[in-house]
Amino acid sequence: MSAKIRLKRYGTKKRPFYRVVVVDSRRPRDGKTIEELGFYHPIEVEEKQFSVRAERVQAWLDRGAKPSDTVRKLLNKNKFFER
């Protein structure tokens, strides 16, 4: 099983809300998750948009989980890691 760290969509039409989750790469976008790591709320003010549990993200990256492009950009933007 190859794990990915990616976004899972919640919210209503034109009011998106995403959770940052670890999921098997073969699962659909909004399918069953392994673990929830945080959230991304693009409509909120800048300080409240993105939050993750850094220690759990690092643990999953150490196990070989690959972040999606969007999650990688969010992590870099919030100075989580530089890759």
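Values in this text are rule-based calculations from the coordinates and carry no lab data. Just so it is clear, the model here is predicted, and its values are computed rather than measured. For neighbour counting, all protein chains shown are included, and Cβ atoms are generated from backbone atoms with ideal geometry for every residue, glycine included.
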Net lengthening on full extension, S2/D62 (0.36 nm per residue, minus Cα-Cα): 20.3 nm
Write out the GluC sites (Glu not before Pro) in the chain meeting two conditions: DSSP loop, and at most 12 other Cβ atoms within 10 Å of their Cβ. E44, E82
Go through K13/K73; K32/K79; K48/K77 and tell me which ones have a Cα-Cα distance over 22 Å in this structure. K13/K73; K32/K79
Under a cut-off of 13 Å between alpha-carbon atoms, report the aspartates and glutamates in cross-link reach of K66, not counting same-chain residues fewer than 8 places apart. D24
By the scheme Lys and Arg +1, Asp and Glu -1, what is the net charge of all other residues having a beta-carbon under 12 Å from that of W60? +2
With charges only on Cβ, +1 for K and R and -1 for D and E, what is the dipole size of the chain about its Cα centre, in debye, rounded to 20? 400 debye
Using a Förster distance of 25 angstrom, determine the FRET efficiency expected from the C-beta separation of T33 and K79, and round it to 0.05. 0.50
Distance from a point 7 Å along Cα→Cβ of S51 to each backbone N in region 14-36: keep the residues under 17 Å and list them by number. 17-21, 36
Let me make sure I get this right: for the chain, a, b and c are the square roots of the gyration tensor eigenvalues over alpha carbons, sorted descending. Under 1.5 in a/c it's rounded, otherwise prolate if a/b > b/c, else oblate. Which is it? oblate
